[in-house]
Amino acid sequence: VANVLMMTVAAFMLWRTDWRLFASVVWLAPVLYGVNHYFRKRIGRQWQVVREWFTRVSTNLAENITGVRVVTAFNRQAINLDVFNDMQDRNTRNNIRAARLNGVYHPLLQLIGFTGKIVILAMGGYLIVSGRIGEDQGVGAVIASHLYWDWFMNPILNLGNFSNQLMMAMAGAERVFSLLDTQPETPDLPGARPLPPIQGHVQFENVTFGYFPDRPVLHDINFEARPGEVVALVGHTGSGKSSIISLIARFYQPQKGRIRVDGIDIRAVTAESLHRQTGLVLQVNYLFTGTVMDNIRYARRDASDADVIAAARAIGSHDAILSLQNGYQTEVGERGANMSLGQRQLICFTRAFLANPRIFMLDEATSAVDTETELLVQRSLSRLMEGRTTFIVAHRLSTILKADCILMIDAGRIIERGSHSELMKLNGKYAALYEQFVQQAA
């Protein structure tokens, strides 16, 4: 605002001093506008390219550092280094292009300012020599006009000086705002209300779902889980088991049918109120930088240390946590890098238990732990699932033998359902899958 005000006042004073001197440089205004518009647009676009390639270089570097063992194991050091160098060369060329544009833009503004000064002095000299300027003005009017032109150009030159930093910041801000403006895939419907305390009665009614609407992965799914029941989802990879878990958690919405919890369509409630009463443990869980205590308390920020320890004792992970270097105060590292897969799973089990959900979901939650740890978790799962509606996805069939209902899923359809003993008597696909599991275990 101050710069615009200074330019306006300077232009007015130049016109008031002598309109002819004002008219001699007014033609430079559209030239200034055109130069600013052209170069700012190009510089802004170029800095967007620079920012994009900087992100690619950073991502490539982070991936190679994080996966250094895989890189070393497959002897990819030289190949990956060539790829990185090529990307860095491209990034360097992009930066040079941006610097070149800025190097032309600012001197061009200075040239326009210098041209205006020459025009004012030349026109003023002509008016003085020809006697066409009043005696009361004379040389003083020309000098004043020269100063006013300086005042007019200074804000433009200052903006040119800072344009490079401004365009860099705008390129970064555009990516940030683009992320902030991203709409959730499953937003709350208008008028959605909080979900009241639930018992955990889950019903799927003719549910059809696909990550792409024209390619469904679940077809006409119907089942019911009563409060406190354990429902196991079994099937080959890609059959749709994890998709059912994602639908219960309302990470996605079905294209057809509906999912009800305690008789309420989950599309009619807020996602926050639903997630507050559900718990989820995945095969690969995320730990945040901080201590074991911080990560377990993540589910309930108001939980005391005693609450966390009590939850760990109940789930059976207390002794395993105490065996760590600093017990509950052990730093897990970035994304849990200091923890083994089994230790991460135990921490995530304890975190889920502390949240005390009414609906509990386990998606391949024990596949990453060794046999000894799995036995420890199995002894704790019965208490963890007690009184909660639980959905289990597992390739290790040992984790689902005591389920109240097992759903055998194939190509997105439920082809068999019943308890373990019932399905074994049926001698269908589940029985064949279980026999295969027993043979592999032997």
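Where a number appears in this text, it was derived from the coordinates with a stated rule and is not lab data. Nothing here was measured: the structure is a model prediction, and the numbers come from that model. Neighbour counts run over all protein chains shown; Cβ positions are idealised from the backbone, glycine included.
When both bridge partners sit in region 202-441, DSSP labels roughly 55% of those beta bridges antiparallel. Placing unit charges on each Cβ (+1 for Lys and Arg, -1 for Asp and Glu) gives the chain a dipole about its Cα centre, and among Ser145, Val83, Gly290 the Cα reaching farthest toward its positive end belongs to Ser145. Loop-located trypsin sites (Lys or Arg not before Pro) in region 279-316 (DSSP state not H, G, I, E or B) with no more than 14 neighbouring Cβ atoms inside 10 Å: Arg301. Contact order, relative form, for the chain: 16 percent (alpha carbon pairs under 8 Å, 6 or more residues apart, mean separation divided by residue count).
The C-alpha atoms of the chain define a longest principal axis, and helix 341-355 lies at about 90 degrees to it. To the nearest ten degrees, helix 28-66 and the longest principal axis of the Cα atoms of the chain are 30 degrees apart. Go ahead and estimate [θ] at 222 nm for the chain from helices alone: -39,500 (n - 2.57) per DSSP H run with n ≥ 4, summed, over the residue count, rounded to 500. Result for the chain: -19000 deg cm²/dmol, rounded to the nearest 500. Between helix 2-17 and the chain there is an angle of about 20 degrees, using the helix long axis and the longest principal axis of the Cα atoms.
Taking amide H positions as modeled 1.01 Å from N, with prolines and chain starts lacking one, the residues under 5 Å from Thr208 and 5 or more places away or on another chain are Asp220, Ile221, Gln255, Lys256, Gly257. Taking packing as the residue-averaged number of other Cβ atoms within 10 angstrom, the listed peptides 11-24, 342-355 run from highest to lowest as 342-355, 11-24. Beyond 40 Å, what percent of the Cα pairs of the chain remain? For the chain, the fraction of Cα-Cα distances above 40 Å is 48 percent. Is there a pair in Lys241/Lys429; Lys402/Lys425; Lys256/Lys425; Lys41/Lys117 whose C-alpha atoms are over 24 Å apart, and which pairs would that be? Too far apart for the 24 Å limit: Lys256/Lys425; Lys41/Lys117.
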